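Notes follow once the structure below has been shown.
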2 protein chains.
Amino acid sequence: MRNDNRRILLASRPTGRPTSANFRMVSAPIPTPGENEVLTRTLWLSLAPYMFWRMRPEKSYAPPVPLDGVMVGATVGRVVASRHPDFAPGDTVLGGGGWQDFAVQPGAALQKIDPTDGPPSLALNLLGGNGLTAYAGLLDIGRPQPGETVVVAAASGGVGSIVGQIARIKGARAVGIAGGAAKCAYVTGELGFDACLDHRAPDFPARLAEACPRGIDVYFENVGGAVWDAVFPLLNDFARVPVCGLIAQYTETGPPPGPDRLPGLMRAVLSKRLTLRGYISSDYAALRGEAMTALRGWLREGRLRYREDITEGLENAPEALIAMLDGRNFGKVLVRVSGDDAQE
Amino acid sequence: MRNDNRRILLASRPTGRPTSANFRMVSAPIPTPGENEVLTRTLWLSLAPYMFWRMRPEKSYAPPVPLDGVMVGATVGRVVASRHPDFAPGDTVLGGGGWQDFAVQPGAALQKIDPTDGPPSLALNLLGGNGLTAYAGLLDIGRPQPGETVVVAAASGGVGSIVGQIARIKGARAVGIAGGAAKCAYVTGELGFDACLDHRAPDFPARLAEACPRGIDVYFENVGGAVWDAVFPLLNDFARVPVCGLIAQYTETGPPPGPDRLPGLMRAVLSKRLTLRGYISSDYAALRGEAMTALRGWLREGRLRYREDITEGLENAPEALIAMLDGRNFGKVLVRVSGDDAQE
């Protein structure tokens, strides 16, 4: 049997930021599906910041990837062989195939992708985890009211770009934060945010304050670090802070030096009656149907735009993940593992 | 006109913990009510930790007491003269008369106390702000489920004692934290908490962990500081933290030295999907009716107990407040300003 299944394994755990030495590519036989299982060929692999945590030894909301285990990840694949009644060869499916050319997955863990929904990569973005993350965090935790100010970190990224557009649809003001002039121009020009600030500008805190003359009612937190520091003093009474990521803090290796800002945060939580709430999209499985219906509708009406940052070839996935953790991506990060028209 | 109205003023603002020098007692004429106003003689003055913040110059959720202004506070009073149609001399009313023998208050700011509700001081405790604070914070933010573990700081105090008893009524496990063996014995023996830990014990963090073998689902935060440090690592995924006070931090004068624990808190908010939410009882005016009905019912059924820590005489109110901020009270702190049977 030929070793035609390339797989990228976790070779070692990162200390600080990951490097390519943390990954290793191997070849393995194409696996065979057992009962109720499906063999898929990977078309698209989605990369996202949570993957850094899964590389680390600490327990987070999910166990770490074991050493020499295949890196985890959501994928869009084409069914090659099926021993599950709901799937047939040629179907396009959303699943968690990981960083490899072929995967055997339980049929129960797959969702068929409707070809009328548009490009299948949308299932890894607006019509998938990113869409649900944005919809649930903004609307269930953030609950923006018309006229309120919603500030979105990483506004040109997969989740942030959707959050700001939904905020606008709901009648709120959307103020984005992104890294660099090109991303900011995209966020206001293409995505329609009311303003976007470059967090690398030396006067970023002052500019953010100017862009939020009535303070901040909802801060969609997915970066942490210095962006949080600029946002925090602008939070209004009763502000809501959905926390779905802290990409700026992922590669910290220990607590930074003092002073200790924890007591000050707690004082503000009390005196401003803030709500801080962490979540991940899988906490909101019950909201998925409602979210997808709404997102599909807005997409068809042309009210949601998106941008994909595509890396060609599985072998380049490690560099793409590292670039994303450094903020060098521009849009939702996808790896094209094989061509969409490939048939087995 | 005789100066028969003793009033306690804010003489200076505290730096760090308040002292008696921050207060000054003066005598003033008994005021006369204008249209729609009511003159009350103060029977009971309620003391509570928020008063420290009102003495400070910083804006919190309410403006500071002005220098040489009468200290604010909730009171139970007897109506002496009324120019409001709903009130007549002899009525017992709940209001915000402040630290003085007599107060003129708008009738619209007063609530008549039902004599069948029990001692009128209950309107400053279980059947008033403390009751609403406990009910709203625990049930709207904490939302304990049967079998979950609810940890309550300042468990023998006005609010904490009610929180733990409601948690038990709702089928949760209540674990209290209090200062000293006598308070802990009261919290378990009299209030019926499942356990109570002395936060002054050197092995307090280990004992708290032992008392919460399944972790902590709800932490009712009203102290902050070292108690938070012991609770934090025990919080379960999806734990809820209503924040209604931070008495241990009130007298801090600046951020403590590092390391900076803010990034670690945010990481836990995300990975454990914690909810932290600050509130004060007046945010929950809409819940007052429901809360009072429930609390009255539980009180009549003998399911809620309470303890009052009574100081005799308005002149002793400053020392009583200072003692409370030092944790030297035992139960809800009240000042008896004049005898309940006093009539004008």
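Laboratory data are not the source of any read-out in this text; all were calculated from the coordinates shown. Keep in mind the model is a prediction, meaning the values are calculated, not measured. Methodologically, a virtual Cβ is constructed for each residue, glycine included, from the backbone with ideal geometry; neighbour enumeration extends over all protein chains shown.
Tally the DSSP beta bridges in chain A and give the antiparallel ones as a percent, rounded to 5. Walk me through the intermediate numbers first.
Values: 29 of 52 bridges.
If I count the DSSP bridges inside chain A, around 55 percent turn out antiparallel.
Report the antiparallel proportion of the DSSP beta bridges in the protein assembly as shown as a percent, rounded to a multiple of 5. Numbers along the way, then the final one.
On the way: 61 of 107 bridges.
Around 55 percent antiparallel, to the nearest 5.
Give me the extension gain from A:GLU290 to A:ASP237: residue separation times 0.36 nm, minus the current Cα-Cα distance, reported in nm with one decimal.
Values: separation 53, 0.36 × 53 = 19.08 nm, distance 2.98 nm.
Full-extension gain reported as 16.1 nm.
So how long is each side of the protein assembly as shown along the principal axes, counting just the alpha-carbon atoms, biggest first, in Å?
103, 52, 45
What aspartates and glutamates could a cross-link reach from B:LYS112, if we take a straight Cα to Cα line under 13 Å and drop same-chain neighbours fewer than 8 places away?
Cα-Cα hits under 13 Å: B:ASP86, B:ASP91.
GNM on chain B, C-alpha springs below 10 Å: top fluctuator among B:PRO89, B:PRO63, B:PRO257?
Looking only at B:PRO89, B:PRO63, B:PRO257, the largest GNM fluctuation is found for B:PRO257.
In a GNM of chain A with a 10 Å cut-off on Cα contacts, which of A:PRO14, A:PRO205, A:PRO115 has the highest mean-square fluctuation?
It is A:PRO115.
Could you please state, rounded to a whole Å, how far the C-alpha centre of the stretch B:31-65 is from the C-alpha centre of the stretch A:1-70?
Cα centroid of the stretch B:31-65 versus Cα centroid of the stretch A:1-70: 62 Å apart.
Could you give the nm distance between label points at B:ASP140 and A:VAL26, where each point is 7 Å from its Cα heading toward the beta carbon?
Once both label points are built, they end up 5.6 nm from each other.
Quick test of your reading: applying the under-4.7 Å Cβ rule, which cysteines of chain B are isolated?
B:CYS212, B:CYS244
From zero up to wherever the largest Cα-Cα distance of the stretch A:67-108 sits, split into 10 Å bins and tell me the percent of pairs in each.
28, 54, 15, 2
Label the stretch A:246-340 by shape, choosing from rounded, prolate and oblate, from the square roots a ≥ b ≥ c of the eigenvalues of the Cα gyration tensor; if a/c is under 1.5 it is rounded, and otherwise prolate applies when a/b is larger than b/c, oblate when it is not. Each step should come with its number before you reach the end.
Working: a/c = 2.79, a/b = 1.33, b/c = 2.09.
Here the stretch A:246-340 falls in the oblate category.
Which lysines, if any, have their Cα less than 26 Å from the Cα of A:LYS183, not counting same-chain residues under 8 positions apart?
A:LYS170, A:LYS332
Let me check I've understood the local charge: for B:ASP194, count other residues with C-beta under 9 angstrom from its C-beta, Lys and Arg +1, Asp and Glu -1. What total comes out? Mind dumping the intermediate values first?
Values: positive: B:ARG168, B:ARG173; negative: none.
Net charge in that neighbourhood comes out at +2.
Can you tell me the convex hull volume per residue for chain A, based on C-alpha atoms, in Å³ to the nearest whole number? Walk me through the intermediate numbers first.
Numbers: hull volume 47.0 nm³, N = 344.
Expressed per residue, the convex hull around the Cα atoms of chain A is 137 Å³.
Grab the beta carbon distance between A:ASP68 and B:ASP229, set R0 = 30 Å, and tell me the FRET efficiency rounded to 0.05. Each step should come with its number before you reach the end.
On the way: r = 38 Å, r/R0 = 1.26.
Taking R0 as 30 Å, the efficiency between A:ASP68 and B:ASP229 is 0.20.
Sort all Cα-Cα distances of the stretch A:129-300 into consecutive 5 angstrom bins from zero, then give the percent of pairs in each bin up to the one containing the longest distance.
1, 9, 18, 22, 22, 15, 9, 3, 1, 0
Calculate the length of the line joining the C-alpha centroid of the stretch A:157-173 to that of the stretch B:142-169, in whole Å.
Between the Cα centres of the stretch A:157-173 and the stretch B:142-169 lies a distance of 38 Å.
At a Förster radius of 41 Å, what calculated FRET efficiency corresponds to the Cβ-Cβ distance of B:GLU319 and B:GLU35, to the nearest 0.05? Mind dumping the intermediate values first?
Values: r = 38 Å, r/R0 = 0.93.
Step by step, r from the Cβ atoms, then E = 0.60.
Could you work out how far the C-alpha centroid of the stretch B:183-201 sits from that of the stretch A:74-114, in angstrom?
The two parts, judged by their Cα centres, are 56 Å apart.
What are the aspartates and glutamates whose alpha-carbon lies under 12 Å from the alpha-carbon of A:LYS272, with same-chain residues fewer than 8 places away excluded?
A:LYS272 reaches A:ASP217, A:ASP237, B:ASP283.
Please build a GNM for chain B, connecting alpha carbons under 10 Å apart, and tell me which residue among B:SER121, B:SER161, B:SER271 fluctuates the most.
B:SER271
How charged is the neighbourhood of A:ALA230? Take every other residue with its Cβ under 11 Å from the Cβ of A:ALA230, and add Lys/Arg as +1 and Asp/Glu as -1. Present the calculation step by step, with values, prior to reporting the outcome.
Values: positive: A:ARG207; negative: A:ASP203, A:ASP229.
Charge balance in the 11 Å sphere: -1.
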